[in-house]
Amino acid sequence: MTWCHLTPRPTSIPSSTDPVFNDGYWMTEAIELARKGMALAHPNPRVGAVVVKDGIKVGEGFHIYDNRDHAEIIALKEAGAHARGAALYVNLEPCCRTGRTGPCTKAIIEAGIIKVFAAMKDPNPAVSGRGFAELRRAGIEVRDGIYEPYARETNEAFAKWIQTRIPFVTLKTALTLDGQIASRAGSATWVTSAESREEVQRIRHEADALLTGIGTVLADDPRMSDRTGLPRRRPLLRAIIDSSLRMPLRSELVKSAQGDVVIFTTKPANSPKARALIRAGVEIVRVRSRGSHADLRDVIKQLGRREILGVVLEAGAELNGAALESGIVDKMILFYAPKVMGTGGVPMARIPSRRFPKSPALMNLTLNRYGPDFCVEGYFRDVYGNHRTRRKN
């Protein structure tokens, strides 16, 4: 997703009299820093922080889980003595409790920060609002809500998981203008451009797991990999729904399995096929059935128990339809190619209308261009609890 909605960043730091030089400017920088923690902060939220004194940045930082220190601590250490009398810009409410590290609120107070600008409250029920209250009790001026919609986007998967222990599910697909994803059932079709496929890799890098169905595996023989080359704290989990264990032992997924491939099935894990897959390095997890298929809600719950915060669903019409019908999808990302396939193609999703009568509308829509393609992105629900929010600067 592009950040074209935010105030454009100048190529050099402006003077204090420049109209761009404002709270929104520094919050944009904090949010951009937070996003550097993509795939590295898990399972913590992505947080960036900037310390500013007399219009000059004196410290900055972003959180990486394995480095322990939170973004605020890194920024304060870099600022040193310059933090006294300075302002702190952070995309998420500072924590106020001891976990793997001490509370950031205590460090902020001791450093002599006089103003804290935060984009949003922490969605963690154990923290939400308490950090702000502690800072205010210490006499620090606190303002929140600056560029909040963009801060929410940065941590939407964390927000859902920390409140429900269920992953945030994004359905991603590529289709033609007339809504076709393939020329015929069981065929592999390149629909969109190289630019769109590059953006898909970024989406994969942001996710903790990819989820697909056995139909897609049999048709495409995919690797389902993150090919960005960017560092990850944990390998991308490759998850397949295969109720009848039809996974070919010579498939790319099985051949490349290194503890990062899991199959959800309704069959016993001690069957000969299951044992063969396990010997090849594939994990087999039995889930509840719903009719003749795996229960998708049970699959998503199983992923949540593994601290999978964000799941990207890349599947065919049948699984797309089942996912939409079951209500597990939070967000859709649709890449449209300027093509028309005509009759005989495969639709994006097959959903019996009697089971999906309300045609729920996507909200908070954004539109982006990738080469000749355009991408529509929207939400079925707001994981922060508001049903109809709109982006605003």
### Message
Can you say whether Asp242 is on the phi < 0 side of the Ramachandran plot, acidic (Asp, Glu) and either open to solvent by 20 Å² or more (accessible area, probe 1.4 Å) or within 22 Å of the chain's Cα centre (by Cα) (or both), as far as the supplied structure shows?
### Response
no
### Query
Which one is farthest from Glu153 (Cα to Cα), of the residues in the stretch 99-122 that are part of a loop (DSSP other than H, G, I, E, B) and open to solvent by less than 20 Å² (accessible area, probe 1.4 Å)?
Gly112
### Query
Which is under 24 Å from Tyr25 (Cβ atoms) and in contact (Cβ under 8 Å) with a residue 12 or more places away in the chain, of Ile109, Ile113, Ile166?
Ile113
### helices (runs of 4 or more DSSP H) (entirely within the stretch 250-362) containing at least 2 residues that are touching a Leu at 6+ places or on another chain (Cβ under 7 Å) and in contact (Cβ under 8 Å) with a residue 40 or more places away in the chain
317-326
### Task
Starting from the stretch 132-153, take each residue that is farther than 23 Å from Gly37 by Cβ and buried (at least 19 other Cβ atoms within 10 Å of the Cβ) and list its partners that are modelled with pLDDT under 95 and among the hydrophobic types (A, V, I, L, M, F, W, C), counting only C-beta distances under 6 angstrom and pairs at least six apart or across chains.
Glu134/Cys96
### Task
Could you give me the residue pairs with C-beta distances under 8 Å whose first residue belongs to the stretch 27-40 and is free of Cβ contacts under 8 Å to residues at least 40 places away in the same chain, whose second residue is of a type in the set (A, V, I, L, M, F, W, C) and part of a loop (DSSP other than H, G, I, E, B) wherever it lies, and which are 6+ apart or on separate chains?
Glu32/Trp3; Gly37/Val47; Gly37/Ile64
### Query
Across the stretch 41-98, which residue is surrounded by the fewest Cβ atoms within 10 Å (Cβ to Cβ) among those that are of a type in the set (S, T, N, Q) and free of Cβ contacts under 8 Å to residues at least 24 places away in the same chain?
Thr98
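Scan the stretch 11-26 and tell me whether some residue there is part of a loop (DSSP other than H, G, I, E, B) and at pLDDT 95 or above.
For the stretch 11-26, residues part of a loop (DSSP other than H, G, I, E, B) and at pLDDT 95 or above: absent.
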## Note on the structure
Over the stretch 135-165, the set of residues closer than 10 Å to Leu309 by Cα and assigned to a helix (DSSP H, G or I) is Glu156, Ala157, Phe158, Ala159, Lys160, Trp161, Ile162
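The values are calculated or read from the model by the stated rules, or taken from the named source; none is laboratory data. Predicted, not measured: the structure shown is a model, and the values here were computed from it. Virtual Cβ from ideal backbone geometry, glycine too; neighbours counted across all protein chains shown. The protein model used for the area step is the full one, side chains on, heavy atoms only, and it has no ligands, DNA or RNA in it. Shrake-Rupley method; radii C 1.70, N 1.55, O 1.52, S 1.80 Å.
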